[in-house]
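Asks: Please see the structure below; I have some questions.
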Amino acid sequence: MAPAPTSTLTLEVSPADALIDVARRITVRGAAPGARVTLRTRTLRGQGAAWRSEAHFTADAQGVVDLERQAPETGSYAGADAMGLLWSQVPDAEGQRDVFPDDVLHPLVTELEAEAGAARARATLTQRLAAPGVVRREVREDGLVGTLFTPATPGPHPAIVVLNGSGGGINEPRAALYASHGYAALALGYFKAPGLSDYISNTPLEYFKRGLDWVRREVRPWRGFVALSGQSRGGELVLLLATLFPRDVSAVVAYVPSALVHGGQNAADPAVGRDGPAWLYEGKPLPHLWENNRTATWEPYDNGPQPRRNELAMRTALQDAEAVARVRIPVERIQGPVMLLSATDDGSWPSSLFTQWIQDSLAAAGHPHDVQRRDYEGGGHSILLPHVPTTQLVFRHPVSGRSSTTGGSPAVNAFADADSWPAVRAFLQKAVRAHEGAGGGG
């Protein structure tokens with residue numbers, strides 16, 4: 001009798017190497033029908049820290065496990081999800097949160113292993129923030145501190161300035177991915193970056209006007225199109241800048257922003273205090289929510305249950321209607337399209353409420369440009385790029401050292417990551433077309 005045919009276990013990733021925002025198909029073949037199949041991942045992320053996940057499946061009648069259509073029986077995530085093994089990764093080192101590579105021109109490489117009985121199969125999944133040919137250039141001129149990423153394709157390109165939140169620093173990952181999709185992207189630092197203050201306190205807003213002028217002069221963007229993209233305090237900031245310098249801002253993308261001007265909070269200089277100002281304009285502090293506020297108290301945050309929620313303290317300040325009215329960002333002055341992204345379980349501040357206020361203000365003013373709002377039910381404050389780990393919900397603030405939660409859940413936050421990015425790209429493409437139709441030039 002002839003020996004029974006044997007099958008070889010294989011593990012396929014398609015595409016194996018692509019930009020980080022590209023979803024992959026992960027498939028195991030060659031297992032025995034009904035066999036238990038284990039999949040494991042390992043990725044070296046920021047500062048060389050290892051992140052891992054594991055899930056256990058039952059092979060179908062053809063001996064196949066397809067993550068796109070099959071849910072794990074147990075493991076790091078639940079439900080059928082092609083990218084579940086990536087967003088459910090957890091770090092080996094407690095407290096690790098850096099999910100992007102230290103050098104954004106180098107890819108993230110995830111090692112995958114499939115195990116079915118004694119059989120093993122391996123594959124790699126490569127995620128890139130920078131497409132081939134994207135150029136990275138450090139900017140240290142005109143008092144500016146940032147990094148410019150330019151596309152591989154010939155220009156001119158529409159431009160975008162990317163601003164970080166209360167952690168400070170230079171948001172190179174998002175800027176690199178914008179450049180990979182055809183934008184000249186300046187990741188502009190404004191504190192906690194080389195040569196700048198370690199704190200957000202008393203940041204002059206004229207610095208950003210200088211940055212906008214630099215982009216137009218040095219980058220020479222397509223028809224003068226320069227958008228702003230900011231996250232958290234950066235989301236507050238891009239809305240504020242678009243009201244102060246409306247002719248310089250072609251479109252606004254505000255991730256989990258505030259509708260109000262805030263003080264230093266967790267990013268404050270201890271010498272100024274968290275109730276002190278964050279922004280200066282024409283040499284004077286901008287009035288902010290905590291200033292002369294009759295109801296504001298940090299008590300729900302400082303002495304609230306663990307994990308602490310900054311949002312609870314923010315809501316005490318919102319009870320003073322006069323203070324809220326004094327510090328409302330006058331978004332009706334914005335002269336371009338606006339994209340708003342928020343979440344209903346935001347642990348840092350009530351971004352869902354804030355984006356509703358902004359949308360209502362723009363509608364009441366008859367804003368003539370496109371306004372889009374995506375509000376993620378059950379999502380948290382951290383809306384990043386697609387297909388990165390979302391498991392670390394509690395963190396120690398990089399400036400104040402205070403611990404708190406960003407809110408949401410890993411699965412919902414992963415959905416917000418994956419859903420928001422193509423929506424932002426589509427919004428910007430529409431904004432660029434509208435700019436051309438309006439005869440935009442520069």
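The values are calculated or read from the model by the stated rules, or taken from the named source; none is laboratory data. Note that this is a predicted model, so its numbers are computed, not measured. Every residue, glycine among them, receives a Cβ derived from its backbone with ideal geometry; neighbour counts consider all protein chains shown. Just the protein is used for accessible areas: all its heavy atoms, side chains included, with ligands, DNA and RNA removed. Shrake-Rupley method; radii C 1.70, N 1.55, O 1.52, S 1.80 Å.
One line per residue, one yes/no per condition, for (1) at pLDDT below 95; (2) open to solvent by 50 Å² or more (accessible area, probe 1.4 Å):
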{"position": "4", "(1), (2)": "yes, yes"}
{"position": "7", "(1), (2)": "yes, yes"}
{"position": "19", "(1), (2)": "no, no"}
{"position": "30", "(1), (2)": "no, no"}
{"position": "36", "(1), (2)": "no, yes"}
{"position": "47", "(1), (2)": "yes, yes"}
{"position": "67", "(1), (2)": "no, no"}
{"position": "91", "(1), (2)": "no, no"}
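Asks: Determine which single condition residue 71 fails, assuming it passes every other condition in (1) open to solvent by 20 Å² or more (accessible area, probe 1.4 Å); (2) in contact with a strand residue (DSSP E or B) (Cβ under 7 Å, 6 or more places away or on another chain); (3) within 24 Å of residue 109 (Cα to Cα).
Replies: Result: residue 71 passes all but (2).
Asks: I'd like the full set of residues that are acidic (Asp, Glu) and either under 15 Å from residue 36 (Cβ atoms) or touching a helix residue (DSSP H, G or I) at 6+ places or on another chain (Cβ under 7 Å) (or both), limited to region 60-78.
Replies: Matches in region 60-78: 60, 73.
Asks: Kindly check whether there is at least one residue in region 93-104 that is closer than 24 Å to residue 418 by Cβ, touching a strand residue (DSSP E or B) at 6+ places or on another chain (Cβ under 6 Å) and either in a strand (DSSP E or B) or basic (Lys, Arg) (or both).
Replies: yes
Asks: Residue check: is residue 270 at pLDDT 95 or above and either out of contact with any helix residue (DSSP H, G or I) (no Cβ under 6 Å at 6 or more places or on another chain) or at negative phi (or both)?
Replies: Yes: the conditions hold for residue 270.
Asks: Report those strands (runs of 3 or more DSSP E) wholly inside region 115-222 carrying at least 3 residues which are more than 30 Å from residue 403 (Cβ to Cβ), modelled with pLDDT of 95 or more and open to solvent by 50 Å² or more (accessible area, probe 1.4 Å).
Replies: Passing ranges, in order: 119-128, 135-141.
Asks: When you scan region 372-392, how many residues do you find that are under 19 Å from residue 257 (Cα atoms) and open to solvent by less than 40 Å² (accessible area, probe 1.4 Å)?
Replies: Number satisfying all stated conditions: 8.
Asks: Hey, another quick one. Name the one entry in 230, 276 that is closer than 18 Å to residue 212 by Cβ and open to solvent by less than 20 Å² (accessible area, probe 1.4 Å).
Replies: After applying the criteria, what remains is 230.
Asks: I'm told residue 302 meets every condition in (1) in contact (Cβ under 8 Å) with a residue 24 or more places away in the chain; (2) open to solvent by less than 70 Å² (accessible area, probe 1.4 Å) except one. Can you identify the failing condition by its number?
Replies: Evaluating residue 302 over (1) in contact (Cβ under 8 Å) with a residue 24 or more places away in the chain; (2) open to solvent by less than 70 Å² (accessible area, probe 1.4 Å) leaves (1) as the failure.
Asks: Okay, moving on. Please note which strands (runs of 3 or more DSSP E) are completely contained in region 3-88 and include at least 2 residues that are touching a residue at least 24 places away in the same chain (Cβ under 8 Å) and over 13 Å from residue 114 (Cβ atoms).
Replies: Hits in region 3-88: 17-19, 36-44, 50-58.
Asks: Moving on. Quick check on residue 368: is it in contact (Cβ under 8 Å) with a residue 40 or more places away in the chain, surrounded by fewer than 16 Cβ atoms within 10 Å (Cβ to Cβ) and more than 30 Å from residue 24 (Cα to Cα)?
Replies: No.
Asks: Also, quick follow-up: Taking the stated definitions as given, is residue 319 surrounded by fewer than 24 Cβ atoms within 10 Å (Cβ to Cβ) and either within 26 Å of the chain's Cα centre (by Cα) or under 30 Å from residue 429 (Cβ atoms) (or both)?
Replies: no
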